[in-house]
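Chemist: First the structure, then my questions, so here it is.
Rule-based calculations on the coordinates, nothing more; no lab input. On a predicted model such as this, the values are computed, not experimentally measured, just so you know. Note that each Cβ is placed from the backbone with ideal geometry, even for glycine, and that neighbours are counted across all protein chains shown.
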Amino acid sequence: MKSSRRTFLITSIGVASTFALSRQAFADAPKVSESDPTAQALGYKEDAAKVDKAKFAKYAAGQDCGNCSFYQGKPTDAFAGCPMFAGKQVASKGWCSAYNKKA
């Protein structure tokens, strides 16, 4: 019984430290540049107000990364991760054509 508790504790500490390290690594992740090939393909703008509405008719005022279902931070976070830009952060006030309103 002591052995399984010890194993559990060691495993738990390992998992917790890995999570903390990966969270810190993500916080240090680079920000997506509008010149990034993926950003260009998706029409990403760091400021949603600058979206080319003629080119991206899907865009509507009020849409931004902070209220998109893909945004991996809190709406109040200035930057957070997005699976569309693996390993990079997007601006909460940004927008791209993959926008999907958070439920």
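Chemist: Can you tell me the order of 42-50, 90-98 when each peptide is scored by its average per-residue count of other Cβ atoms within 10 angstrom, highest first?
Modeler: Working: 42-50: 17.3, 90-98: 21.8.
The densest-packed peptide leads the list: 90-98, 42-50.
Chemist: Here's something else I'd like to know. Projecting each Cα onto the charge dipole of the stretch 31-103 (Lys/Arg +1, Asp/Glu -1 at the beta carbon, about the Cα centre), which of 103, 39, 83 comes out farthest on the positive side?
Modeler: Ranked along the dipole, the leading option is 103.
Chemist: Mind checking which lysines have their C-alpha under 17 Å from residue 55, skipping anything on the same chain fewer than 8 residues away?
Modeler: 45
Chemist: Using Cα positions and a limit of under 17 Å, work out the lysines in reach of residue 74, with same-chain residues fewer than 8 apart set aside.
Modeler: Within the straight-line cut-off, residue 74 pairs with 31, 88, 93, 101, 102.
Chemist: Out of every Cα pair in the stretch 31-103, what percent are spaced more than 13 Å from each other? It would help to have the intermediate numbers written out before the result.
Modeler: On the way: 1515 of 2628 pairs.
Percent of Cα pairs beyond 13 Å in the stretch 31-103: 58.
Chemist: Just want to confirm a number: the relative contact order over the stretch 31-103, from Cα pairs under 8 angstrom separated by 6+ residues, in percent.
Modeler: Numbers: 135 pairs, mean separation 27.5, N = 73.
With pairs under 8 Å counted, the relative contact order is 38 percent.
Chemist: For the stretch 31-103, what is the charge dipole size about the Cα centre, in debye to the nearest 20, if Lys and Arg each add +1 at the Cβ and Asp and Glu each add -1 at the Cβ? Before the final figure, lay out each step's value.
Modeler: Working: 11 positive and 7 negative charges, 41 e Å.
It works out to roughly 200 debye.
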